[in-house]
Amino acid sequence: TKGVLKVTVLFELIGAVLLSIRFAWDMDILKAVYFGIFHSVSAFNNAGFSLFSNNLMGYRNDIFTNIVITSLIIIGGIGFLVISDVYKYARREVARLSTHTKLVISVTSTLIVSGTTAILLFEYFNPRTFASFSLKSNLLTAYFHSIAARTAGFNTIDISLMQSSTLFLIIMLMAVGASPGGTGGGIKTTTFGIMMMGLWSTIRGHTDTVFFERRVSHEIIARAYIIGAMAFLVVNISTLLLL
């Protein structure tokens, strides 16, 4: 518990200082500090709440704000177990990263890259969102929403103007969510990762599912598929009702 508290305070404090400095350019110092603390806590805890009336749309092209917010979201979402494991590995207290940590980092990185690419492709010719902006701006926006969609909920453009395909992609990313022991929801990156590994092994005709020279038991794979199937039904039925 002390470790979780220390990590939380450390990263939220760093985020608060950086955001306060940035917000001080646009408002008085006391208000900037308040906004900095609030948004740092909101981002690290993957809450997505903002004190700005249009969320973070006013900072769409601000690289500094985008990087700070997304970094806090990622660190909070990957889970305290991963943070602790990476810290111990960096200090050489352990000889190798755990399989859990490797799985979380691998799946998280893959989802960020694939999500960014997909959002960019789906929205690139949308005149209401990406078509009128530069490639640099669109890349930053796609990257931000690929991360925020999964666990936090911040936005730098009007979500209602996005294509239906993009909105459905965001729903899928939300369903996956963050990692075990993190501050986000969803079925978790590890569950999704195990499902994909099990699927790939089955397609290739392998009896066992192996990840980084570690065998994943059939029981764990079965649990992952049950959770995934339940999420699939809930998400799709809810989407159908909304439509």
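Values quoted throughout were computed directly from the atomic coordinates according to the rules given, and no laboratory measurement underlies them. Just so you know, these numbers come straight off a predicted model, no measurement behind them. As a convention, Cβ positions derive from the backbone with ideal geometry for all residues, glycine included, and neighbour counts pool all protein chains shown.
The slack in the chain from HIS206 to MET57, taken as 0.36 nm per residue of separation less the alpha-carbon distance, amounts to 48.9 nm. The helix-only estimate of mean residue ellipticity at 222 nm for the chain, built from DSSP H runs of length n ≥ 4 each weighted as -39500 (n - 2.57), is -22000 deg cm²/dmol after division by the residue total. Computed over the chain with a Gaussian network model linking Cα atoms closer than 10 Å, the most mobile of GLY182, GLY153, GLY205 is GLY205. Amide H to amide H, with H built 1.01 Å from N, PHE211 comes under 5 Å of VAL216, counting only residues 5 or more places away or on other chains.
The alpha-carbon atoms of the chain define a convex hull whose volume equals 149 cubic angstrom per residue.
Among VAL216, VAL113, VAL68, the residue with the largest mean-square fluctuation in a Gaussian network model of the chain, with springs joining Cα atoms closer than 10 Å, is VAL216.
Take the chain and mark each of the trypsin sites (Lys or Arg not before Pro) that is in a DSSP loop with at most 10 other Cβ atoms within 10 Å; the longest unmarked stretch, sites excluded, is 97-203. Computed extension length for LYS88-THR110: 5.5 nm, one decimal, from 0.36 nm per residue of separation with the Cα-Cα distance subtracted. Summing Lys and Arg as +1 and Asp and Glu as -1 over all other residues whose Cβ lies under 12 Å from the Cβ of PHE133 gives a net charge of +2. Taking a sphere under 11 Å around the Cβ of GLN163 and counting the other residues whose Cβ falls inside, with K and R at +1 and D and E at -1, yields a net charge of 0. Excluding same-chain neighbours fewer than eight residues apart, the aspartates and glutamates reachable from LYS102 by a Cα-Cα span under 16 Å are ASP85, GLU213. Taking Cβ atoms as reference points and 11 Å as the exclusive limit, the residues near ALA178 contribute a net charge of +2, counting Lys and Arg as +1 and Asp and Glu as -1. Counting pairs of alpha carbon atoms under 8 Å apart in space and at least six apart in sequence, what relative contact order in percent does the range 75-151 give? Result for the range 75-151 is 27 percent. Relative to its Kirkwood radius, the Cα radius of gyration of the range 161-235 gives an Rg/Rh of 1.04. Summary value for the range 1-90: 26 percent relative contact order, contacts being C-alpha pairs under 8 angstrom separated by 6+ residues. So what is the diffusion coefficient of the range 128-186 in µm² per second by Stokes-Einstein at 10 °C and 1.306 mPa s, using a Kirkwood Rh over Cα pairs? The diffusion coefficient I find is 131 µm²/s.
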